[in-house]
Amino acid sequence: VHSMTIDKTGNIYTGGYNDFGVLTPNPGGTLQYTSLTGKNKNFGYVNCIYWEGKNVFFNSPGRLCRWDIERNTFSGWNSAQGKPFQNAFQCNGEFYIHIKNTGLVQLKQDALKEVAGGTVFKDKTISMMVPYDDDGNMLIGTGTNGFYLFDGVSFRPFPTAADDFLKNNRLMHGIRLSSGDFALATYYGGLAVIGPGGALKETFNKTDGLQD
């Protein structure tokens, strides 16, 4: 299992290499796995899964699939040659995908449409995309190229005191905490916490008890 999510009924959706499916309880209460991939089994690792209402999205380098839970039907989008799908994000009610050599695109009206200005990310890695505040702004974090604020129309760089730390340790994932701070997981340096203004507040690594 490379990715996982759960819906409101308790169904567990999982993704691995060239496979994704759902774990549901049988009459005895034991979870049983059912693959949903069908005949198309050449799309790579399912790197993220999102449940949203009646739909579940499975994203992989070769294909984005949307599973309609109520109708038991699929719709999907294939990536272009040399432009694999990277990470996908569900943020402020919208669905975004980072495409290598293209930039940031948005799923709108059943089509993947380039976000204006999103080409700034065509040669970067987007590792996080989360609500920045309650006004609809979003914080986008790249692997080693810092942060950007996105108001739904344009992007602007957002320097932080953690930029050098993240450049050396590579941002992997990030979330917005209930306090309004942001927790940032890295590949090599543990965890950092920054405030909404970009101040570096805390770091946690092996010496603090993290296992890796």
Exactly one condition in (1) polar (S, T, N, Q); (2) surrounded by 14 or more Cβ atoms within 10 Å (Cβ to Cβ); (3) farther than 20 Å from Gly143 by Cα is not met by Thr34; state its number. (2)
Exactly one of (1) assigned to a loop (DSSP other than H, G, I, E, B); (2) modelled with pLDDT of 90 or more; (3) in contact with a strand residue (DSSP E or B) (Cβ under 9 Å, 6 or more places away or on another chain) is unmet by Gly28. Its number? (3)
Please specify each residue of the stretch 2-44 satisfying the condition of being under 18 Å from the mean Cα position of the chain (by Cα), under 19 Å from Phe74 (Cβ atoms) and of a type in the set (Val, Ile, Thr). Thr5, Ile12, Thr14
Give me the residue from the stretch 115-158 that is in contact with a Lys or Arg (Cβ under 7 Å, 6 or more places away or on another chain) and β-branched (Val, Ile, Thr) and, out of that set, surrounded by the fewest Cβ atoms within 10 Å (Cβ to Cβ). Thr144
Surrounded by 14 or more Cβ atoms within 10 Å (Cβ to Cβ), polar (S, T, N, Q) and in contact with a helix residue (DSSP H, G or I) (Cβ under 7 Å, 6 or more places away or on another chain), is that true of Thr186? yes
Asn169: passes all of (1) open to solvent by less than 50 Å² (accessible area, probe 1.4 Å); (2) polar (S, T, N, Q); (3) under 22 Å from Gly44 (Cβ atoms) but (3)
By my count, strands (runs of 3 or more DSSP E) wholly in the stretch 50-93 with at least 1 residues that are of a type in the set (Lys, Arg) are 63-68
Which strands (runs of 3 or more DSSP E) does the stretch 98-210 wholly contain that include 2 or more residues that are among the small types (Gly, Ala, Ser)? 182-186
Select from the stretch 45-104 the residues that are among the aromatic types (Phe, Trp, Tyr), over 24 Å from Phe150 (Cβ atoms) and open to solvent by 50 Å² or more (accessible area, probe 1.4 Å) and write down the one among them that is modelled with the lowest pLDDT. Phe74
Among the residues of the stretch 167-204, how many are hydrophobic (A, V, I, L, M, F, W, C), more than 18 Å from the chain's Cα centre (by Cα) and within 22 Å of Val120 (Cβ to Cβ)? 1
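The values are calculated or read from the model by the stated rules, or taken from the named source; none is laboratory data. Because the structure is predicted, anything quoted here is derived from the model rather than measured. Here Cβ is always computed from backbone atoms with ideal geometry, including for glycine, and neighbour counts include all displayed protein chains. Ligands, DNA and RNA are excluded from the accessible area calculation, which covers all protein heavy atoms including side chains. Shrake-Rupley method; radii C 1.70, N 1.55, O 1.52, S 1.80 Å.
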